[in-house]
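In what follows, a structure is listed as structure tokens, so that the remarks can point back to it.
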Amino acid sequence: MSQVEESIEVGVPVHTAYNQWTQFESFPEFMSGVERIEQRTDTLTHWVTSVDGVHREFDARITEQIPDERVAWTTVDGETEQAGVVTFHRLDDEHTKVMLQMEFRPDGLAEKVGDKLGVVQRQTKGDLKRFKEFIERRGRETGGWRGAV
């Protein structure tokens, strides 16, 4: 398994950053390669991705969700094997550190080479930067799910 860890500071309160992150269907607006996410239940999402011409579909289960603190997941079915956690750290009333940690199994020669060249690391960094721009531009979340898992 390969690992990625990235973080970014966003200029919104922790509850705003967390609430937006729970809106999985909005991920295509800031995550490159994510074509569509369907929220099937409170804990199950279906993902459709396309990265460098590699199309994947998979289901991910939310394994832990604590409002304003963390969202953890693992894939349960499909063409991708990964698990991760996003944590939210209050810096002050108007700033939050968002940290993403993920483990994944590269599949095939192209993905293994891309992993060695840091493609996933760069993509993750870019996705977090786009999340920052998205939430700071809006100034508020598009919705939020405050349940715990």
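The values are calculated or read from the model by the stated rules, or taken from the named source; none is laboratory data. Predicted model, so just to flag it, every value in this text is computed and none were measured. Every residue, glycine as well, gets a Cβ built from its backbone with ideal geometry; the counts of neighbours run over all protein chains shown. These accessible areas exclude ligands, DNA and RNA; they are computed on the full protein's heavy atoms, side chains included. Shrake-Rupley method; radii C 1.70, N 1.55, O 1.52, S 1.80 Å.
So the values come out like this:
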read-out	value
Long-range HN-HN contacts of G78 with modeled amide H, under 5 Å	D59
Long-range tail of P(r) for the stretch 1-86 (Cα pairs > 23 Å, %)	21
Radius 12 Å from Cβ of T41, net charge of other residues (Lys, Arg +1; Asp, Glu -1)	-1
Calculated Rg and Dmax of the stretch 39-81 using C-alpha coordinates, Å	11.7, 35
Per-pair calculated FRET efficiency, R0 = 35 Å: D42 and K125 via Cβ, rounded to 0.05	0.75
Portion, in percent, of the accessible area of the stretch 1-132 that falls on carbon or sulfur, probe 1.4 Å	47
Qualifying GluC sites (Glu not before Pro) in the stretch 1-62, DSSP loop, other Cβ atoms within 10 Å at most 14	none
Kirkwood hydrodynamic radius over Cα pairs of the chain, then Stokes diffusion coefficient at 4 °C and 1.567 mPa s, in µm²/s	83
Label-point gap, in nm, between T63 and R105 - each point 7 angstrom along Cα→Cβ	1.4
Within a Gaussian network of the chain (alpha carbon springs, distance under 10 Å), most fluctuating of A110, A72, A17	A110
